[in-house]
Structures are given as structure tokens and as C-alpha cells.
Amino acid sequence: MAALVRLETRLSRLREEYFLKNRSVDEDRKIVYKAAVKIQSWFRGCRVRAYLRYLNKMAISIQKWWRGYQSRRYFRKMIKTAYFIMKMNFYNEMAVRIQKRWRGYYVRKYTHNYYALKKYLEAISLNNEIVRNELQEYAEMNEKKKKKKDLEKKEKEKKYKARKMHYLLSTEQIAGIYNSPFRKFPDPMELLLRQSKPLSHRQQQPKSPFTYDLYDWPTCKRPPAFPTGEPLPPIGRQKPQGPFRDAAEVLRQRYKPLEPTLRVAASISSPLEKAREEMKREEWRKCIHDNEFLPFSSYHKNEKYELSIHASEKIGKETYGIKHFREVQPNKWIAGKV
Amino acid sequence: MSQRQVLQVFEQYQRARTHFVQAVAELSARPQNIGTLRDAGVISLLRPLLLDVVPTIQQTAALALGRLAYFNDDLAEAVVKEDILPQLVCSLSEQNRFYKKAAAFVLRAVGKHSPQLAQAIVECGALEALVICLEDFDPGVKEGAAWALGYIARHNSELSQAVVDAGAVPLLVLCIQEPEIALKRIAASTLSDISKHSPELAQTVVDAGAIAYLAQMILNPDAKLKCQVLSALSQIAKHSVDLAELVVEAEIFPVVLTCMKDSDEYVKKNGATLIREIAKHSPELSQFIVNAGGVAAVIDCIGSCKGTVRLPGIMMLGYVAAHSENLSMAVIVSKGIPPLCTCLLEEHEDHIKAAAAWALGQIGRHTPEHARAVAETNVLGTLLSMYMDIRSSEDLQLKAKRALKNILQKCTYLPALEPLLHDAPPNIMKHIVGQFSKVLPHDSKARRLFVTSGGLKKVQEIKAEPGSLLQEYINTINNCYPEEVVRYYSPGYSEMLLERVENYQPVL
């Protein structure tokens, strides 16, 4: 019984205790539950992170390997192109050397001979010197001729003047103006007067009508001089005396046109012969070739087949490519030596 | 009345007519009387006298008409309008030689003024009559007829063709062979007038065999004849290569070169014209002339003459040098450049200076050696000043600019280029700086000279748009020198240094 009382007393507290215990257990449970959740979540997180890290590492490894592979490929390609470029540069260099030599040779052989040009220019200067000298001589010769002509003209004038002034000659009694007694020797004019024949008073011959100066005639450079060499004809013109025929008649006869007879005018061959010749000439002209036109079958029956140029072979083997590689044209060389 | 008295009346009338006609002819010889004579109606008075019974009156009347028409084109038109020409043409075939000469003189006087008057002469059938006169025995008649034909043919090619169609050319070639000098002169001048218009007319003249006779006459000592002959040959040769070759085949070289030393100026001018017309067609003809020593003769001729007489010689050198560089070198070797430079400096006329500038440009444009030969004579400065001078004509400026450009593009002779740096305008400066930029990177002595002569300084002062060709050239030049040197010469360097002095904190 005592236990029962004890229990009964405890009973009233039982509910409270039960409630309190439950509450504390509840609260603990919440805390414990949260702790457990935290622990679990963290652990799961660790696992997932470990898994991700692992995945990451794998991915990196794959990518590393793949990139290495690509770069090595690229590198091999780069090396190949660099090698190719080096080779091409080398070939280009060598080709330039060959072309340089060949172009120099070809230009010197076929196009331009430098030494010939140099010689040509020297020859031109020499030739120019010669031409200049000759022209100089020619000009001097002309000058001399002109001077001589002028001198001669002056001489002629002087002589003419002396002839006109012949009366100025000195006589025994009276000394002329050019022979003054105070002089040692007479003036040269005096000597000229002594030598010259006096001009006569006779009228000059009338100038013949054929000597007028054509050069000056109608452009009025000289005073007007009418070209009437003959005197004016009288009004009633008389016929020339003598047994002359009328001038008009003579001219008519001289210039009579030819009047051939029919026989002379006609040609030697008769019209029939001429027509025959004409026909022959036409045929000869029209005939282009001698082969008659035959239809195909009979024309080509007996023909021999001729090889085309491409198919026909030279006698013996082809020498180009074996015996020689270069074409040489000696007739186009501009210098002698090879 | 007795018969004598009747005849006396007629004699008086004839004397009166003769006196009138002679007086009119004398008066018309002086130009101041012509106005008065025209107002007095002299043409209508002279017209019936042309048909007079007495031949002397006819001739004198024709002579008077010719003199009147010669001086004045109104009177020439009046002669045409009054229908005097048909009468003249008819009587040309019938009368004696004095009348023929007078009639030919009238036709010449009328035909010289204008193409329309010449056409009127052709239309009234004068050409056939004149051609018949060309066959006459008297050399004076032939001369008159040839002269009239020449004046008609001078105006244009249709009239020339009409003259040729009338059959004048073979007769003219016969006239050339006559011994009288005046006739030869006139015939040569007529052939020259005919052949100058077109290649077909020139070919007609050549087909008549004129070239051989003309070529022989070059040796004749008469100066005026030589002038006309050379002019005729040059008019033939100017049209085409074939005609020029025909002229050359007549063996005129080296005889033509003696004409270049003649004392008469016009002979020299026409000789130079002939050589020029031959040289301009093809390099082979120029080569032939050079081989015959023609270049030396022309150069001497240029040196000895003054004024327009030099012009054909200058153009000939330009044409020869333009064909190829070998010919240009031949011109240089024959000492062609100094006379051209003196021409540029001395002459007053712009067109001669333009021709000299053009010729120099043609010589110097081929290779650096040619450009150097031209530049060594210091003519580039003259060309530049001519280009910049506002008083020069446009033609001169254009030719000077082109010549400068052509020479500068090949010139590597730096001492001649440096003086140009200082005054050149931008479009020329570009070429000069370009040439420097080509030469300086390779030549260290030239670089040194460039700096010491102040060229680098000048180049720094040039303002160029960035990205333009000029700027590229300037950059190339600047890259040839160390940076300090370029900075030293750049403008405003002294100010920059002074600023640095001002802003400097002294280190204590």
C-alpha cells in the first residue's frame, strides 16, 4: 500500500513529470534531430564533393590529354610548313641564280650589246666632229667666195668710175688732181686712170626684150617699166613680105589631127580570132585547179593515205631532251662569241 | 574729108587710150592711190579695155588690174563680180606671151586674198587655161601661171585637189628642171603649197617624180631657191613615214647639213624643219639622221641663231630624244644639252622656251644617267622658276612641269636636287623627296651630305598630311638617321630645350 500511496502521490506529479519529460525529450529530440541532420548533410556533402572532385580530376585529365594531342598535331603541321617554306626559299634562291645567269646571257646574246652601244656612241661623237669640221670648212669656203665676189664687184665699180672720169688724167702741162707735184708718187687712182680706156659717147645698145628681169617683174619692186621691147605696132598690120603662106594656114596644117583609113584603124586580127583568144584567156583565168570534180567514192578510191604532221616521226630518235635542251638561233645573235 | 584725117581721129583715140591705161598702171603701183582709183570706178573703165584691138592696151590694162587687185581685196572681189575673169580665161589661151603674163598676174592677185575668191577663179575654168600656160615656151609665162596656181592651192585642200586634178603637177615638175632660177623658185613654192594639205596630195606630187629634182636643187647656191626647195621637201615628208622614207632615199643627207651652215637665216630654219619632219616619224629615221651627223649640225645651228629660227632645231632634238634611250644618249653625247639650256635662259618668247623645256624633258626622262646629264647643267632650277613664274604662259608652265616631273622621277643625282628642296611647291616636292628617300637609305656619304647641306632641316619643315605619299617618304628619310639627329633638326627644338631648362629641378 505504501507503494500505492507513493504512486498516487507521484501520480499527480506524473502527468507533469510525464509532460516535462516528454517536453525535454522533445526538445532534446529536436536538437538531436538537427544535429543528426547536420552531420548527415555535411557527410553527404563531403561525399558529393569528393565525387565532384573526382569527376573534375578525370575531366581535367581527359582534356589535358586531348589538348596535348591537338597541339602536337598542330606543331607537326607547323614544322611541316616551316620546312616547306625553307625548302621553297632555297629553291627560289637557286632559281633566281639560274634565272640571273640565263637572263644575263640571253640579253647579252640576243637583245643588247653594251660594248657595241659604247662603241656606237664613241663613233657618233667622232662622226659629229668630222661633220662639224667639214661644215666649218664649207662655211669658211662660202665666206671666202662671198668676200671675193664683193671685192670683184668693188674692183669693177672702181674701173667703171675710172673709165667715166678719164678726163681727170694728168697731162704734161697740168697735173691732175690725183697727181699732185708735192707727192712722191702718184695716187693709185691716177694709175688706174692711166690704164683705163675712156668710155665712148656712143649710145648703149637698146636692151633686147629677152633680158628683162623676170624676178622683179610684176610685184612692182622697180619703177614701172613696160615690157614693150618692140615698138607699138601700127594700126594696119601688113603681111610679112615674101612668098610666105598665111600663118594660120601653116599652123592648121602642122597641127592637123591624124585621120587614119579604115584599114589602118582596124586591128590586124579579125574579130573572130580576137573573140577566140578572149575565150581562151577567160578559161585560163577561171581555172583554179586541175582536178576534175568527181563524186566521193570514185575520187577517194585510189588515194594513198598521208600521215598527219603530228603522227609522222622523224628519222631516227628525237634529239630534244637527250642531246640538247636549248634552242639556239645563230642568225639572231648580236655578238659573235658564245 | 580725106582718108588721112579719118585715120587721124582713130590714131588720137588710140593714143588717148594708151595714155590712160599706162597712167593707171603707173598709179596703181603705189598703194596710196588705190583708194582714189577705186572710188573713181577704175575697174569698170578698165574692163572694156581688156578687149581692146591693140594688144599693148590689153596687156597694160591687165597689168593695171592685176596691181589693183593685188593690194586690196575689195578690188579683187570687184574684179570677180564684174565678170572679168571669164574674159581673161578665154584670152589666156589665145594671146601673146605678154598678155598671158599679165592675165596670170591678175589671177594670182585675185586668188591670194581668200579661199572664196580662189574658188571663184576655179569655177570660171581658169585652172585649165593656167595649166596650158604652164606648157608655154616663155619662162615668164610659166612663172606667172605657176605662181597663180600656187596662190590658189595655198588656201585649203579642196582647192589644191582642184589644181592637181587640172593636171598641173607633172608640168610643175618639168618647170623645176628649167634653167631659170626664178621659175624654179616659183615651181618649188607651188609644189610646197600643194603638198602641205594632205598625204594624198603629197603622194601625187611624189608620184610625179618631184623628189629627185628637188633633192638635186638643194645644192644650188641661190638662197631663196634653197628655202623653197627645203620647204617643199619638208611639206612632203611631214605626212607619213613612207613619204619621209622616200625623201630620205633621195640622198638628201648629208647635203642638207650644209644648209644648216648657210648664211641665210631662213635657209637654216627650213633645213631644220625638214630634218625635224623626217626625224619625228620613227626611231629608224632618227637613227639614220644621227648616224649621218645630223644632230651635230642642228646643235651648231641652234647655237648660232637667235629667235624663232631656233624653234625647229629644238623640236628636232626633242623628237629624236623621245624615240629611245640610245638616241637620247646620242643627243647627250653630241653636246646637245648646253645649247638647250642657253635657249631656256636667253629667249624671250614663251613658245620657244616651252619647246626647249619639252626637249629637255624628253632627253632626261629615260634612265638615271640621262637625268643626271640633264641635272648636272643646273637647269632644273630654271625649269622650276619657269613653272612658278606667274607671268609665263600656261603652255610654258605645263611643259616645264611635265619636264621637271619626268626628269625628277629618274634623277638620282642629289647635289642637283638639293637646291630645289627650298622653293618647290608641294606637287613637285613629293617627287624630290621621293627621290631622296630612294637614294639615302643606301648611300652613307649622301646621308652625311644631306645633313650638312641643310636638307634634313628643310625636310623636317615640310608639312605633309599623315598617310599621304609625301609623309611616307619623309618617314623613310627620317628612319635613315638616328633619332637625336632628327629631333635636333625638327622645328621648335630650341624652344623645347629651353622649356626643359626652365622646368628642370637642379640636383643639389
Residues with beta-carbon under 13 Å from that of residue B:370, excluding residue B:370: net charge, scoring Lys, Arg +1 and Asp, Glu -1?
-> 0
Taking 0.36 nm per residue of separation between residue A:199 and residue A:32 and subtracting their Cα-Cα distance, the length gained on full extension comes to 42.2 nm
What ranking do B:201-211, B:98-108, B:17-27 get when scored by the average of other Cβ atoms within 10 Å per residue, highest first?
-> B:98-108, B:201-211, B:17-27
How much FRET efficiency would the formula 1/(1 + (r/R0)^6) give for residue B:51 and residue A:258, where r is the Cβ-Cβ distance and R0 is 45 Å, rounded to 0.05?
-> 0.80
Express in nm, to one decimal, how much length is gained between residue A:100 and residue A:159 on full extension, taking 0.36 nm for each residue of separation and deducting their alpha carbon distance.
-> 12.9 nm
Would you please state the base-10 log of I(q)/I(0) at q = 0.14, 0.21, 0.22 1/Å for the range B:414-477, with intensities from the Debye formula using one equal scatterer on every alpha carbon?
-> -0.34, -0.78, -0.86
Apply the Karplus parameterisation 6.51 cos²θ - 1.76 cosθ + 1.60, with θ equal to phi minus 60°, to every residue of the range A:256-262 and state each ³J(HN,Hα) to the nearest whole Hz, in sequence, with x for glycine and proline.
-> 5, x, 6, 10, x, 6, 4
Would you tally the net charge around residue B:229, using a Cβ to Cβ cut-off of less than 11 Å, leaving residue B:229 out, and scoring K and R as +1, D and E as -1?
-> +3
To the nearest 0.05, how large is the calculated FRET efficiency for residue B:390 and residue B:342 if R₀ is 22 Å and r is the Cβ-Cβ distance?
-> 0.35
Which of the peptides A:77-89, A:174-186 is most tightly packed, and how do the rest follow, judged by the mean count of other Cβ atoms within 10 Å per residue?
-> A:174-186, A:77-89
Report the net charge of residues surrounding residue A:181, where surrounding means a beta-carbon distance below 13 angstrom and charges are Lys +1, Arg +1, Asp -1, Glu -1.
-> -1
Ranked on Cβ counts within 10 Å of their own Cβ, fewest leading, B:164, B:507, B:122 go B:507, B:122, B:164
Other chains near A:120-128: what is the mean number of their Cβ atoms within 10 Å of each residue's Cβ?
-> 6
Theoretical gain in end-to-end length, residue A:245 to residue A:49 [0.36 nm per residue, Cα-Cα removed] | 54.7 nm
How would you rank B:44-55, B:462-473, highest first, on the average number of other Cβ atoms within 10 Å across their residues?
-> B:44-55, B:462-473
The range B:179-252 and the range B:267-296 have their Cα centres apart by a whole-number Å value of 16
Mind jotting down the distance between the C-alpha centroids of the range B:1-49 and the range A:127-149, whole Å?
-> 56
q = 0.05, 0.09, 0.11 Å⁻¹, the protein assembly as shown: log10 I(q)/I(0) [Debye, one scatterer per Cα] | -0.61, -1.17, -1.34
Residue-wise HN-Hα coupling along the range B:66-79, computed from phi with Karplus coefficients 6.51, -1.76, 1.60 (Hz; x: Gly, Pro) = x, 5, 4, 5, 5, 7, 9, 7, 5, 5, 4, 5, 4, 4
Förster radius 60 Å - calculated FRET efficiency between residue B:251 and residue B:443, Cβ distance, rounded to 0.05 | 0.70
Ratio Rg/Rh [Cα only; Rh per Kirkwood] for chain B = 1.23
Pairs A:64/A:87; B:100/B:238; A:146/B:353; A:158/B:224; A:149/B:261; B:184/B:268: which exceed 25 Å Cα-Cα?
-> A:64/A:87; B:100/B:238; A:146/B:353; A:158/B:224
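Rule-based calculations on the coordinates, nothing more; no lab input. From a predicted model like this one, the values you see are computed outputs, not experimental measurements. Cβ coordinates were reconstructed from backbone atoms using ideal geometry, including for glycine residues, and neighbour counts include every protein chain displayed.
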